[in-house]
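Student: For reference, the structure I am asking about is given below.
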Amino acid sequence: MPLVPLREMIDGPAPVPAFNVIQVEHAEAIAAAAQATGASVVLQISENAVRYHGSLRPIGVAALSVAAAASVPVAVHLDHATSEDLVREAVELGFGSVMFDASALPHNENVTRTASVVLRCHEAGVGVEAELGEIGGKDGVHAPGARTDPDDAAAYVAATGVDFLAVAVGSSHAMLTRDAELDFELIARLHAAVPVPLVLHGSSGVADEHLAAAVRAGMWKINIATQLNKHFTASVRTVLGDHPTLVDPRRYLGAGRDAMSAEVARLIRVLEG
Ligand code: G3H
Ligand code: ZN
């Protein structure tokens, strides 16, 4: 059971860690850690990563191939897409789920556009994640003060038909320190009010014990990106510093991949509690 749609993981033992893939080494590192720990994981590719590559297909096909070869369930998901064309392309490639991020739009437009993406994705059997209450840090500006109201969240899910909901509960994207303060009481109220699984974004800024507490309070999909890149880049920096004449990229990319995989396995254990 290698490549599995995210929706099929809902009934599994919670939570589901979702790690961002920028290059094929990320996908390999994450899949290796998932296999070593026996966990189900999500490989997710953001619109920003697609912009870096110039198109979705090469990195998307690589992630799908890594997932298909895995011995544990691995979902492939499009992360933070604002483009409906990109959503369509991900669906055509075989992604099992997408995040359509209309959180920066006026509320009514967010609802209308998300509902129409949900209709089209559901026709193709693809699940949709959306975001309500804009989580900071996507533009480099941290806004850990944003909050999602539980009643608004329940109404939004009813109006759009989304399968997963990203909520603002105190985290912010791309933090290098792990000192974000989550609102656990709000997470519990959102969990009680919202009929679909909740998604925590910006998890790199959250300390290990608070990630585990967020899961206990009701978070289901835990998105982690920056924390992996910290470990990858630190390892690459060490290898290049130790070997100034090194030319073969496999030596430093391989070391970065190993360091990232070890951190993924450690985070999986933290989330399993
Ligand atoms: O969608 C991806 C995540 O929210 C990752 O955020 O880089 O702060 O872990 P992060
Ligand atoms: Zn995010």
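What follows is calculated from the coordinates using simple rules that are stated; it is not laboratory data. In this text, all values refer to a predicted model and were calculated from it rather than measured experimentally. Don't worry about glycine lacking a Cβ; one is built from the backbone with ideal geometry, like all the others, and counts go over all protein chains shown.
Student: Arrange the peptides 146-152, 50-56 so that the one whose residues have, on average, the most other Cβ atoms within 10 Å appears first.
Tutor: 146-152, 50-56
Student: Moving on. Would you please put 59-72, 12-25 in order of how densely packed they are, using the mean number of other Cβ atoms within 10 angstrom per residue and starting with the highest?
Tutor: Details: 59-72: 18.9, 12-25: 20.7.
Most protected by this proxy first, the peptides run 12-25, 59-72.
Student: To the nearest 0.05, what FRET efficiency results for ASP242 and SER65 with a Förster distance of 35 Å applied to their C-beta separation?
Tutor: So the FRET efficiency works out to roughly 0.60.
Student: If one puts a single equal scatterer on every Cα of the stretch 193-248 and applies the Debye formula without solvent, what log₁₀ I(q)/I(0) results at q = 0.16 Å⁻¹?
Tutor: -0.61
Student: Now for a separate question. Between ASP139 and ARG216, 0.36 nm times their residue separation minus their Cα-Cα distance comes to what?
Tutor: The ASP139-ARG216 span can extend by a further 24.8 nm.
Student: Report, in degrees rounded to the nearest 10, the 0 to 90 angle that the Cα long axis of helix 57-68 makes with the longest principal axis of the chain.
Tutor: Tilt relative to the chain: about 90 degrees.
Student: If you take the alpha carbon radius of gyration of the chain and divide it by 2.2 N^0.38 Å, what ratio comes out, to two decimals?
Tutor: Ratio of Cα Rg to 2.2 N^0.38 Å: 0.96.
Student: Short version: what are the Cα gyration tensor semi-axes of the stretch 81-132, square root of 5 times each eigenvalue, largest first, in whole Å?
Tutor: 19, 10, 8
Student: Shifting gears a bit: Over the stretch 28-163, with a single point scatterer placed on each C-alpha, what log10 of the ratio I(q)/I(0) does the Debye formula yield at q = 0.12, 0.15, 0.19 1/Å?
Tutor: Scattering profile of the stretch 28-163, log10 relative to I(0): -0.52, -0.79, -1.13.
Student: Sticking with this one: Please list 202-208, 237-243 highest first by mean number of surrounding beta-carbon atoms within 10 Å per residue. Could the numbers behind the result be given before it?
Tutor: Details: 202-208: 23.0, 237-243: 12.4.
Those peptides, ordered most packed to least, come out 202-208, 237-243.
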